[in-house]
Amino acid sequence: MAGVDDEAGLEAVRVRFLGRSGEITTLRRGIGALPPAERPDAGKVINAAVESLEAMLTEKSRELGRRALDAALATSIDVTFPGAPSRAGSLHPLRRTLEDACGYFERRGFAVVLGNEIETEYYNFDALNIPPDHPAREGLDSFYLRSGALLRTHTSPMQVRTMQANPPPIAIVTPGKAYRRDAVDARHSYMFHQLEGLLVAPGIHLGHLKGMLTGLFRELFGPAQTVRFRPSFFPFTEPSAEIDTTCPGCAGSGSLADGNACRTCGGSGWIEMGGAGMVHPGVLRESGYDPDAVSGWAFGMGIERLAMVRHGIDDIRVLFENDPRVLAQLA
Ligand code: DAH
């Protein structure tokens, strides 16, 4: 029995002793030939042998079963074991804000156009009515390439590029990177993202822009947002304005529940989001448009700023360091 290690071997043992012509079966058949007085004792001995052999066969069969189960478990998957958590990625908060803002304009019929990050002085400055003696051109603010081209300092060049390539009406947003020679601190970076908007058609006025931006900020920040225009100056718009929206940090009140001034807006209740205005007649003319036939609004906003206000981030570097623990929180 010790040498038996499978069911076939076990069956061979059973047949050898207990089978029809097995050794014990043969002995039992021989009882009849014994003298009557010896028959009971012979029967007892044989029955005891059968019993103990059957017990051994049962025990051996159980042992074989246990071994087979152990072998199967050793090579199979334990479905009750806790699985390894799978880590799903997520869109970067900048990308999400950019896509949400572009989506808002796309649903209103605007096309999303992308431009080159390397621009000519003509499109970055001249065509936008930025004269050669303007400080932005002195190389202090711009990264120039050896060819005389530069890394665009804003997304506004796409206004003229798009108008020169297409007749009116125009309704576009153009998101992308812009570069300036700024030292990095909590509010500045040498690379950042802007969203530029442009709508040109007969009869367009600033009221159209105010309505459009109110909708944008309500979509990004909440249903109570309003928009305020503050007079400003840009060479490529006339009139020009800074765009403010209700501070989402304090719902425009300027103060927090504990009575302290709101840190997001510094207590003013408003947050500056970018610049805007009516496209300057000179820019329309440079683009081949007739300023007497069409008018248009334009705006430019920092996407980092939108994302920071949206997520309550007070340091722009958080958006570029990409610490996975922070990104997971903002997902
Ligand atoms: N280009 C400006 C900047 O980078 C932002 C800007 C202001 C864009 C007014 C516009 C505009 O389209 O109309 O600071």
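Annotations
- The label point for T214 and the one for Y190, both projected 7 Å from the Cα toward the Cβ, are 4.3 nm apart.
- Value of [θ]222 nm, deg cm²/dmol, for the chain, DSSP H segments ≥ 4, -39500 (n - 2.57) each, nearest 500: -11500 deg cm²/dmol
- Taking Cα centre as origin and charging only the Cβ of basic (Lys, Arg, +1) and acidic (Asp, Glu, -1) residues, the dipole magnitude of the chain rounds to 800 debye.
- For a straight C-alpha distance cut-off of 26 angstrom, the lysines reachable from K177 (same-chain residues fewer than eight places away being disregarded) are K210.
- Cys residues of the chain that find no other Cys beta carbon under 4.7 Å: C102.
- Qualifying trypsin sites (Lys or Arg not before Pro) in the range 82-121, where qualification requires a DSSP coil assignment and no more than 10 other C-beta atoms within 10 Å, comprise R87, R107.
- For the range 1-83, a simple Cβ point-charge model (Lys and Arg +1, Asp and Glu -1, everything else neutral) yields a dipole of about 400 debye relative to the Cα centre.
- In the range 1-65, the trypsin sites (Lys or Arg not before Pro) that fall in loop regions by DSSP, at most 11 other Cβ within 10 Å: R20
- Summing charges over neighbours of D100, with a neighbour being any other residue whose Cβ is under 13 Å away from its Cβ, gives +2 when K and R count +1 and D and E count -1.
- Lys/Arg +1, Asp/Glu -1 at C-beta; the chain dipole; positive extreme among A12, G215, P175: A12
- The range 258-331: trypsin sites (Lys or Arg not before Pro) in DSSP coil with no more than 15 other Cβ atoms inside 10 Å: R263, R317
- By other beta-carbon atoms within 10 Å, ranking H205, H193 with the fewest at the front produces H205, H193.
- For the range 148-180 and the range 213-273, distance of Cα centres in Å: 25
- Using θ = phi - 60° and Karplus 6.51 cos²θ - 1.76 cosθ + 1.60, couplings along the range 94-103 (whole Hz; Gly, Pro as x): 5, 5, 5, 4, 4, 5, 5, 5, 5, x
No lab work stands behind these numbers, since they all come straight from the coordinates. Here the structure is a predicted model, which means the values were calculated and not measured. Please note: Cβ atoms are built from the backbone with ideal geometry, for glycine as well, and neighbour counts cover all protein chains shown.
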